[in-house]
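Derivation of every value follows stated rules applied to the coordinates shown; laboratory data play no part. What you are looking at is a predicted structure, and each value in this text was computed from that prediction instead of being measured. Quick reminder, even Gly has a Cβ in these numbers, built from the backbone with ideal geometry, and neighbours come from all protein chains shown.
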Amino acid sequence: MENGRKYALSWIDGLWLLFLLALALLPPVREVHKQLILLAIGLFQLLERQVLLRFPQRGAVYAVLVKIALATVLLGHTGELSINSSYYPIFYLPVITAAMYFGPAATLFWTAVASLAYCSYLYPALQEYELTRAGVVELATRILFFFVAALIVNRFVLENRRQVRRYQQLSESLAEANRQLQAAQEEARRSERLAALGQLSAGLAHEIRNPLGVIKGSAEMLTQRLQQAQPLASELAGYILSETNRLNALVARFLDFARPSRLDLRPVDAPALLDRALETVRAQMPDAPVTVERKYAAGLPPLYADEQLCEQIFVNLFTNAYQAMDGAGGRLQVTAERDALEGLPGVAVEVQDSGPGIPAEMRQQIFNPFVSSKKDGVGLGLSIVAKIVDDHHGSIRLKSEPGESACFRVFLPSGDPQGQEESDGGNSDRRG
Ligand SMILES: Nc1ncnc2c1ncn2[C@@H]1O[C@H](COP(=O)(O)OP(=O)(O)OP(=O)(O)O)[C@@H](O)[C@H]1O
Ligand SMILES: [Mg+2]
């Protein structure tokens, strides 16, 4: 019966009561104690599950003890000489109960206790009679059968439990596989979104670039010509130039994200790469009160990667970390260790800052383009990171939980990732 459900008689319970009734109708019929004990045995069997639920720890011990006591008392009220009572098989009840709830050692122990309880009737019998050889054999046979039954039932129950455990493990691994599948689907949807957006923005950025070039060239010429003659016009032309430069940089970043990259793969030393990226970011924000802690494992294998693009990964991550800790300052921890992804060896880098972390509602989207919480942020940093990592057949994930400071874990392979040549060849003609 399930926990918490109300008890209802099943047809097996009904049969059980029927058999006990049949025992009650067999002689001695007028022995009221016998009938009462049979009733108690019947009721206790029906309530046993309740006892187990009530006392999860000791319930099984109580059940066996109560049954041994009831069986012993029943034998005392059936037959002239209790040791000879034809009701002795009632001791199978505690013996089988023990075999169902316990392991082999405890089952043997409780069977021995039940056998001793049964043999306790030897004492009054020996006051009046002598124990014959045939009597000893009979008694030994009965007791041995207790043990045989106990062990057989126990073996069967243990096998059953093992089977159940196996099914549980199987269902757990299925659930885990299901979770992984869902994560992979989510990842695939993200890639699809990125790819569609990438195509669109590549076309758009390309179209914007040409007029930008013309505007920039014209502004440059205007500034040169107006420099001395008309200072105000020259200042205005300067604005046009600087704003065009800004737009140009933006479009260049945009194209970095949007167009398929052509990887120039070669062995790259991960610690040196990380140090360079740290240096670049420090140079961009020299006054930021940030302490950097580096923990690089010894003997890291060289990455097989595009050096420039990979540096971009960490420049973007460190920039975000610096920006997150801007003002109050903080600590940036960068660790690098050996790792493997789907059997592919490589290096895992963790970037942990001490900033405010990433709010729960943003977690799903931070790798999408144009997701930004910053006043002057474009929201391209992490999507460029994700793209470069994907191009290298690596992985990136936000490791920190909501409410914690941000921690990103990037894996980059050290071997030659399969199929790399295909993406190189396929994309090379779309560059520029
Ligand atoms: N280390 C971090 N701590 C807290 N929030 C972060 C961190 N890194 C990223 N984020 C959040 O993720 C958003 C997206 O980051 P992303 O780098 O893609 O864009 P951005 O930094 O806003 O703009 P861009 O990088 O294009 O200048 C950020 O605006 C910020 O809200
Ligand atoms: Mg950023």
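Summing Lys and Arg as +1 and Asp and Glu as -1 over all other residues whose Cβ lies under 14 Å from the Cβ of SER218 gives a net charge of 0.
Once you list every other residue whose beta carbon is under 15 Å from the beta carbon of GLY329, what net charge do they have if Lys and Arg are +1 and Asp and Glu are -1? Spell out each step's value before the answer.
Numbers: positive: ARG282, ARG331; negative: ASP287, GLU293, ASP326, ASP353.
That works out to -2.
Here's how it looks for VAL347: its modeled amide H is under 5 Å from those of ASP339, LEU412, SER414, which are all 5 or more places away or on a different chain.
Could you compute the FRET efficiency for SER372 and ASP264, with r as their C-beta to C-beta distance and R0 at 35 Å, rounded to 0.05?
0.75
So, in Å, what gap is there between the alpha-carbon centers of the range 357-419 and the range 248-316? Centre-to-centre distance over Cα atoms comes out at 14 Å.
Restricting the trypsin sites (Lys or Arg not before Pro) of the range 1-92 to loop positions (DSSP other than H, G, I, E, B) with no more than 14 neighbouring Cβ atoms within 10 Å leaves ARG5, LYS6, ARG30, ARG58.
Take every DSSP beta bridge with both residues inside the chain and express the antiparallel ones as a percent of the total, to the nearest 5. Bridges in the chain that DSSP calls antiparallel: roughly 75 percent.
What is the fewest-to-most order of TRP110, TRP11 by other Cβ atoms lying within 10 Å of their Cβ? Walk me through the numbers before you get to the answer.
Working: TRP110 24, TRP11 7.
Ordered by Cβ neighbours within 10 Å, fewest first: TRP11, TRP110.
Overall, the anisotropy analysis places the range 11-131 in the oblate class: the square-rooted eigenvalues a ≥ b ≥ c of its C-alpha gyration tensor yield a/c not less than 1.5, with a/b not exceeding b/c. Among ILE388, ILE366, sorting on how many other beta-carbon atoms sit within 10 Å of each Cβ, with the fewest leading, yields ILE366, ILE388. Please find, in a Gaussian network model of the chain (springs between Cα atoms separated by less than 10 Å), the residue of THR223, THR141, THR97 whose mean-square fluctuation is greatest. The residue that fluctuates most here is THR141.
Just checking the listed ones, LEU81, LEU197, LEU309: in the Gaussian network model of the chain with Cα springs under 10 Å, the one fluctuating most is LEU81.
Of the peptides 342-352, 126-136, how do they stack up when ordered by the mean number of other Cβ atoms within 10 Å, highest first? Before the final figure, lay out each step's value.
Numbers: 342-352: 18.3, 126-136: 9.6.
With the highest mean Cβ count within 10 Å placed first, the list reads 342-352, 126-136.
Kirkwood radius for the range 263-430, taken over all pairs of different Cα atoms as the inverse mean of 1/r, rounds to 16.4 Å. Applying 1/(1 + (r/R0)^6) with R0 = 56 Å to the Cβ-Cβ distance of ASN178 and ASN210 gives a FRET efficiency near 0.65.
Per-residue ellipticity at 222 nm for the chain, helices alone: DSSP H runs ≥ 4 residues times -39500 (n - 2.57), over residue total, nearest 500 deg cm²/dmol? Mind showing how you got there, number by number?
Details: 12 runs with 263 residues, N = 432.
About -21000 deg cm²/dmol.
Against the chain, whose longest principal axis is taken from its Cα atoms, helix 32-54 shows a tilt of about 10°. Note down the net charge around ALA348, summing +1 for each Lys or Arg and -1 for each Asp or Glu among other residues with Cβ under 13 Å from its Cβ. Neighbourhood net charge equals +2.
Please give the length that would be gained between VAL113 and GLN365 if that part of the chain were fully extended, namely 0.36 nm times their separation in residues minus their C-alpha to C-alpha distance (nm, one decimal). Each step should come with its number before you reach the end.
Details: separation 252, 0.36 × 252 = 90.72 nm, distance 6.63 nm.
Stretched out fully, the VAL113 to GLN365 stretch lengthens by 84.1 nm.
Among VAL290, VAL157, the order by Cβ neighbours within 10 angstrom, fewest to most, reads VAL157, VAL290.
Relative contact order of the chain, please, whole-number percent, based on alpha carbon pairs below 8 angstrom and at least 6 residues apart. Each step should come with its number before you reach the end.
Numbers: 509 pairs, mean separation 42.4, N = 432.
With pairs under 8 Å counted, the relative contact order is 10 percent.
Whole-Hz Karplus values for the range 10-24 come out as 9, 5, 5, 4, x, 4, 4, 5, 4, 5, 5, 4, 4, 4, 5 Hz, taken residue by residue from phi with 6.51 cos²θ - 1.76 cosθ + 1.60 and θ = phi - 60°; glycine and proline positions read x. Computed from phi, the 3J(HN,Hα) profile of the range 102-110 under the Karplus parametrisation 6.51, -1.76, 1.60 (θ = phi - 60°) reads 10, x, x, 5, 5, 4, 4, 4, 5 Hz, with x in place of Gly and Pro. Using the Cα coordinates of the chain, the gyration tensor eigenvalues translate into equivalent-ellipsoid semi-axes of 85, 22, 20 Å, sorted from longest to shortest.
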